[in-house]
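Where a number appears in this text, it was derived from the coordinates with a stated rule and is not lab data. A quick note: this is a predicted structure, and the numbers were derived from the prediction, not measured. Cβ placement follows ideal geometry from the backbone for every residue including glycine, while neighbour counts extend to all protein chains displayed.
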Amino acid sequence: METHGLFSPDDEADARERFEALGPAAQTVVKETAKAMAFDADEYDERVTGEVVETARDALFASLLAVRTGTREAYDEWLADRDRKVVEHGSGNVSRVAWHDAFGETVVAATYESEERAAIETLRRQAYGRVYRDVV
């Protein structure tokens, strides 16, 4: 079993705090991306909206979530000791699972066979959408 990512918020307050802390980074990413795309001042003002920066912050938050990956057996063993609501995407007939434990209450999981990186990124977006979007 491996862990990828930087954080798994302990509770809703921790999630909101981490989300808020990413605001300046999201603004910088958007500004530098617009600069690299050679936006002039008018195009920047027209296209870089609060919604664009908010989307960048959502993506940053999701991309930093801690995700565990391992065999189906390792996942089942990890889950056996925990009382969690489980939201699993994919087929139960594949050998690997990526999962995120949200607040010690909900496990969001995605199965995969060989594309670990894709499974991790997909799972992060699913975890954000299912658990964190309404919290932050």
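In terms of the mean number of neighbouring beta-carbon atoms within 10 Å, the peptides 55-61, 105-111 order highest first as 105-111, 55-61. Sequence-distant contacts, meaning Cα pairs under 8 Å at least 6 residues apart, place the relative contact order of the chain at 29 percent.
Counting only DSSP beta bridges with both residues in the chain, the antiparallel share comes to about 70 percent. Available extension along the chain between Thr3 and Lys35 is 8.1 nm, counting 0.36 nm per residue and deducting the alpha carbon span.
Each Lys and Arg Cβ is given +1 and each Asp and Glu Cβ -1; about its Cα centre, the chain then shows a dipole of about 240 debye. Treating r as the C-beta distance of Leu64 and Asp42 and R0 as 41 Å, the FRET efficiency rounds to 0.80. The angle between the Cα long axis of helix 12-21 and the longest principal axis of the Cα atoms of the chain comes to about 30 degrees, rounded to the nearest 10. Based on the reciprocal of the average 1/r between different C-alpha atoms, the Kirkwood radius for segment 23-63 equals 10.3 Å.
Would you tally the net charge around Glu12, using a Cβ to Cβ cut-off of less than 13 Å, leaving Glu12 out, and scoring K and R as +1, D and E as -1? Surrounding charge for Glu12 is -4.
Helical content of the chain, expressed as a calculated mean residue ellipticity at 222 nm, amounts to -14500 deg cm²/dmol (DSSP H runs of 4 or more residues, -39,500 (n - 2.57) each, divided by residue number, nearest 500).
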